[in-house]
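Input: a single structure, listed below in structure tokens.
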Amino acid sequence: MNSSSLSHLSRQLLTVALSIGVALSLPVSGHAQSSPDSASASTVTSKQKVKVIIDRERTEGQTILLLKITVPEDAQVESFTLADPPRIVVDFKGVKVKTSENLTPPKNGVVKMIRLGAHSDKLRVVLDLSTAGTPQYEWRAGSRQATLRIVESTQGQAAPQPPTQQQQQPAPLSASQPAPSQPAPS
């Protein structure tokens, strides 16, 4: 099998795996019919076996950036935002990595850098945002992963920007609980 065929097969397998993973990990209620833009799915992996799958989902009038962060061991997951500069932070309590690391995501309208921070009691994943404020997003967590759905654009417009302020999201979610949403901008 030549490298071109192998690359094509790898992309097809990733698309199927991502589609299954998205279908299993994202809430269905309250969301319009959507279709992942599988041709744009990308995976970035750290030296510490932290994997981030990045994809887009198009719903009625919105483009959603999907990020699925997978870690090598069980953790309690928490998420919150910071306003200046705008960031989304995801803490994986109980996951230990040896060194901090920066990962460059594929070009998108929301996340410009993914930083992995090594702490004594947790792995901190920081999404540095390319937007002026924090866009509307929601997240879900399992024991070894977190899935974030971030509004990238609405009806061809840039993502709505809520007022800049630090917002703490609720503590860990189980995989069966619905994902909390940030309030819509006023």
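A compact table of results
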item: Directionally averaged shadow of the range 59-104, computed from the convex hull of its alpha-carbon atoms, nm²; result: 5.2 nm²
item: Length added when fully stretched, V44-D74, from 0.36 nm per residue minus Cα-Cα; result: 8.8 nm
item: Estimated inter-spin distance, R58 and Q155, nm [label 7 Å along Cα→Cβ]; result: 1.7 nm
item: J(HN,Hα) series, the range 104-120, from Karplus relation 6.51 cos²θ - 1.76 cosθ + 1.60, nearest Hz, glycine and proline x; result: 9, x, x, 4, 7, x, 10, 9, 9, 8, 10, 10, 9, x, 7, 10, 5
item: Segment V89-S130, length gained on full extension (0.36 nm per residue, minus Cα span); result: 13.3 nm
item: T147, T134, T45 arranged by Cβ crowding within 10 Å, fewest neighbours leading; result: T45, T147, T134
item: Within straight-line cross-link reach of K49, lysines at Cα separation under 18 Å, skipping those fewer than 8 residues along the same chain; result: K68, K93, K96, K98, K122
item: Cα-based shape type of the range 74-160, given that a ≥ b ≥ c are square roots of the gyration tensor eigenvalues and the cut on a/c is 1.5; result: prolate
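Here, each number is a calculation from the coordinates, and none is a lab measurement. For clarity, every value in this text was computed on a predicted model and none was experimentally measured. FYI the Cβ positions are ideal-geometry reconstructions off the backbone, even for glycines, and counts take in every protein chain you see.
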